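Participant: Quick one: this structure, given as structure tokens, is what I'll be asking you about.
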């Protein structure tokens, strides 16, 4: 049990559970409780089945749990229950079968984007987007601190801070240029923070080399804004620019890991 | 050798960032008309009705209500120069921001910001087009304004 708690994915799952619990505390919804249960269960069960199919030795499904929790926190809670279930199944399917040595795509991101493309489901970021830090309101500090908690895993345990910082730097630079103003809110936006500390630095789909980590983070930050301008032109505004750019980054950098 | 290639790629990315950023910034500046600039000054969250002006008689107004289930109507069609008013009846704080989430770049004038329950936001649309927006605090709540 103690060994289990030392695993970074288990720690990440615990922090994600904390974020989820905060949502229930702030705004309880029976639908959201069922949705997260189904998303995590579907991820764990499908991981078990696909590992059996691949004849891989079973292990504690910490990555599947984290994937299910991320999907539950990002999928519109008003959507039918089959959407988070299918997003989890697609995520784990991609993790197990779209791989060259290691899996290529961030599992939660690929699961979410497939449900967007197939069913028109929207990525709402409902579980994180409201946790905005208001420096004049002390009460917002606690939710914001809980939102930041996964950084312990991605920055301290996984040492992926180069990816996070380079992404935030390029993203902030873009926003500054576009809106012609410098604002700390570009970096403190809860959606951007959750994406950059939880989804972006996933260790299996990102480079280990320090320079490549910087290039990867910069590339994703660059492409986010590019997609934000391009998607509306092609009338595909329901594609999330953050998640789409991460998947493109995964695809282009998987040979450079 | 591999390191040199990576450095070159990094330099290329940096140049692209700066060049692209300047390009988009320049584009955003060029698309602002004087009338839009004056509209921005009317955009702060308010629950007060502004005093009538001579142009108000010719200006139609569309009302969008935000409830717990989202924006209603989800799409409104107006003429150039008409005003859209958003009422927050969701019981929570909310925002009206330009698509896409979270970068809000499609139509920066639609970044009206936050409004609490019972408050309203408004914007006069001076250009034809279709403008998508969302509640930044719950990006599944979306809507669009078509200006003819």
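Residue-by-condition table, conditions (1) away from chain A (no Cβ under 11 Å); (2) over 11 Å from the mean Cα position of the chain (by Cα):
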{"position": "B:82", "(1), (2)": "yes, yes"}
{"position": "B:95", "(1), (2)": "no, no"}
{"position": "B:117", "(1), (2)": "yes, yes"}
{"position": "B:137", "(1), (2)": "no, yes"}
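Participant: Out of A:53, A:123, A:116, A:128, I need the residue that is more than 28 Å from residue B:104 (Cα to Cα) and either touching a residue at least 40 places away in the same chain (Cβ under 8 Å) or touching a strand residue (DSSP E or B) at 6+ places or on another chain (Cβ under 9 Å) (or both). Which one?
Facilitator: Of the residues listed, the single one that is more than 28 Å from residue B:104 (Cα to Cα) and either touching a residue at least 40 places away in the same chain (Cβ under 8 Å) or touching a strand residue (DSSP E or B) at 6+ places or on another chain (Cβ under 9 Å) (or both) is A:53.
Participant: Going residue by residue through region A:74-86, is there one that turns out to be in contact with a helix residue (DSSP H, G or I) (Cβ under 8 Å, 6 or more places away or on another chain), buried (at least 18 other Cβ atoms within 10 Å of the Cβ) and more than 20 Å from residue A:29 (Cα to Cα)?
Facilitator: The answer is yes, given that some residue of region A:74-86 is in contact with a helix residue (DSSP H, G or I) (Cβ under 8 Å, 6 or more places away or on another chain), buried (at least 18 other Cβ atoms within 10 Å of the Cβ) and more than 20 Å from residue A:29 (Cα to Cα).
Participant: Continuing with this model, one more query. Sort out for me the helices (runs of 4 or more DSSP H) sitting completely within region A:1-110 that have 2 or more residues that are closer than 24 Å to residue A:257 by Cβ.
Facilitator: A:8-26, A:30-53, A:62-74, A:82-97
Participant: Is there a residue in region A:111-123 that is within 12 Å of chain B (Cβ to nearest Cβ) and in a helix (DSSP H, G or I)?
Facilitator: yes
Participant: Okay, moving on. Would you confirm whether or not region A:130-142 contains a residue that is in a helix (DSSP H, G or I), within 12 Å of another protein chain (Cβ to nearest Cβ) and surrounded by fewer than 21 Cβ atoms within 10 Å (Cβ to Cβ)?
Facilitator: yes
Participant: Next question. Just give me the residues in region B:98-120 being closer than 18 Å to residue B:77 by Cα and buried (at least 24 other Cβ atoms within 10 Å of the Cβ), in sequence order.
Facilitator: Matches in region B:98-120: B:99 only.
Participant: So, of the residues in region A:225-257 that are at the interface with chain B (Cβ under 9 Å from one of its Cβ atoms) and within 19 Å of residue A:163 (Cα to Cα), which turns out to be surrounded by the most Cβ atoms within 10 Å (Cβ to Cβ)?
Facilitator: In this case the residue turns out to be A:242.
Participant: Let me ask something else. For a quick check of your reading: which helices (runs of 4 or more DSSP H) sit entirely within region A:154-224 and have at least 3 residues that are within 13 Å of chain B (Cβ to nearest Cβ) and under 15 Å from the mean Cα position of the chain (by Cα)?
Facilitator: A:190-194
Participant: Can you give me the number of residues within region B:104-143 that are in contact with a helix residue (DSSP H, G or I) (Cβ under 7 Å, 6 or more places away or on another chain), under 23 Å from residue A:122 (Cα atoms) and assigned to a helix (DSSP H, G or I)?
Facilitator: 1
Participant: Can you pull out the residues in region A:173-214 that are surrounded by fewer than 18 Cβ atoms within 10 Å (Cβ to Cβ) and either without any contact (Cβ under 8 Å) to a residue 12 or more places away in the chain or farther than 24 Å from residue A:13 by Cα (or both)?
Facilitator: A:176, A:179, A:180, A:181, A:182, A:183, A:184, A:185, A:209, A:210, A:211
None of the figures in this text is laboratory data; all of them are computed from the coordinates on show. No experiment lies behind these values; they were computed from the predicted model shown. Note that we place each Cβ from the backbone using ideal geometry, even for glycine, and neighbour counts take in every protein chain shown.
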